[in-house]
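Scroll down for the structure; my scribbles are underneath it.
What follows is calculated from the coordinates using simple rules that are stated; it is not laboratory data. Small disclaimer: the values here were computed from a predicted structure and weren't measured. All Cβ positions, even for glycine, are placed from backbone atoms using ideal geometry, and neighbour counts span all protein chains on display.
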Amino acid sequence: MQNEPSDAVERRSVVPVVCYPDDTLPAPDMALYERVRRAARKVDEVRVPPREARTFEVPAGGFFRISSIEGSQVGDLNLHNLHDLSERFYSGKTRALHGTHVTTGDRLWSSFPTLRPMATVTEDTLDWYGIDGFGGSVHDVIGTRCDPYTNTLLSGGDYHHCCHSNLVRALADHMEAPLHEAEALVHDVLNVFMCTGFTRDTGQYFMKASPVRPGDYIEFFAEMDLLGNLSACPGGDCSAEHSSDAAACFPLLVEVFESPVEALGSWERPAPNGYDRSHGRGEG
Ligand SMILES: [Zn+2]
């Protein structure tokens, strides 16, 4: 441990600046989404069993809703461009742009090189929660996903129903491909309904019992044709532990809504990011 410099207090008192001020981020047209939502009709639903994952498809311009139905339950969500699974949700950049947790009006951004909105949160029945006294909030993009590798590292033994494995099996079934091909495409998640933060004293990632109750939901507008993949986390409400069969786990419901073309009006699918990709080499 080093001795503090004489100006340590001064250095610590520097006021932070937001890394990515969002005043230049194109704002979603929430009034348009609201109008479109009124015209949308339900076309599909998928029930995700506890400690399993299921995929679902959402047409561009449509919506999908994830609901808690039988008990407090956290979900781990992956999103892919339905036509190019390598374009997928980028939780790290979404965190950098919107913050540690997302809610109504925030967007889920895709990986490089496209970096464009994949989905926009249009409704969140837990938006009242805000940030609690512990610094915790709901729907995080800070956790990664529970996985058997970390579990083996920390606890030993093989547990096969971590969200990572659930997502791998479900994606492999969708792709009709071997597990290792699907595993390469599984990525860091949006932790739907999960209540998390960082401890103020040690900066450690914490979780606490989710405030979600049956009937709560989060709904998204699909900015492109999407393949969703949702795992009902073995942690249940994530009040105690995950990566085991110890917690009470409940199913999650995904409902998909299609929007009539005429209701979408002037809405356009977001174009891939405009950067020319020459990376300073000039050959473009
Ligand atoms: Zn999990």
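Cα-based radius of gyration for region 69-182, normalised by 2.2 N^0.38 Å, reads 1.19.
Here the spin labels are modelled as points 7 Å beyond Cα on the Cα-Cβ line, and at Phe198 and Trp128 they lie 3.0 nm apart.
For the chain, the alpha-carbon coordinates run over 66, 50, 43 Å along the three principal axes, in decreasing order. Where a ≥ b ≥ c are the square roots of the eigenvalues of the C-alpha gyration tensor, would you call region 165-284 rounded, which needs a/c under 1.5, or, failing that, prolate if a/b is larger than b/c, or oblate? Cα axes put region 165-284 in the prolate bin. Peptide packing for 23-32, 223-232 was compared via the average number of neighbouring C-beta atoms within 10 Å per residue; ordered from the highest value, the list is 223-232, 23-32. Pair-distance distribution of region 1-154: all C-alpha pairs, bin width 5 Å, starting at 0; shares per bin in whole percent are 1, 6, 13, 16, 20, 16, 11, 6, 4, 3, 2, 1, 0, 0. In the distance distribution for region 17-75, Cα-Cα pairs more than 15 Å apart total 67 percent. Residue separation of Leu179 and Ala27 scaled by 0.36 nm, minus their Cα-Cα distance, works out to 50.9 nm of gained length. The sum of -39500 (n - 2.57) across all DSSP H runs of n ≥ 4, divided by the residue count of the chain, sets its helix-only mean residue ellipticity at 222 nm to -5000 deg cm²/dmol. For region 114-170, the square roots a ≥ b ≥ c of the C-alpha gyration tensor eigenvalues yield an a/c of 1.5 or more together with a/b not exceeding b/c, which makes the shape oblate. Here the dipole of region 37-260 is about 420 debye; that uses its Cα centre as origin and unit charges on the Cβ of Lys and Arg (positive) and Asp and Glu (negative). Taking the centroid of alpha carbons for each part, region 208-284 and region 122-200 are 12 Å apart.
Separation of region 1-44 and region 73-110, taken as the distance between their Cα centroids, equals 14 angstrom. Take each peptide in 199-207, 7-15, count the other Cβ atoms within 10 Å of every residue, and average; sorted highest first, the result is 199-207, 7-15.
When the alpha-carbon atoms of region 180-239 are used, the pair Rg, Dmax equals 14.7, 43 angstrom. At full extension, Ser155 and Ala271 could sit 37.3 nm farther apart than now, given 0.36 nm per residue minus the alpha carbon distance.
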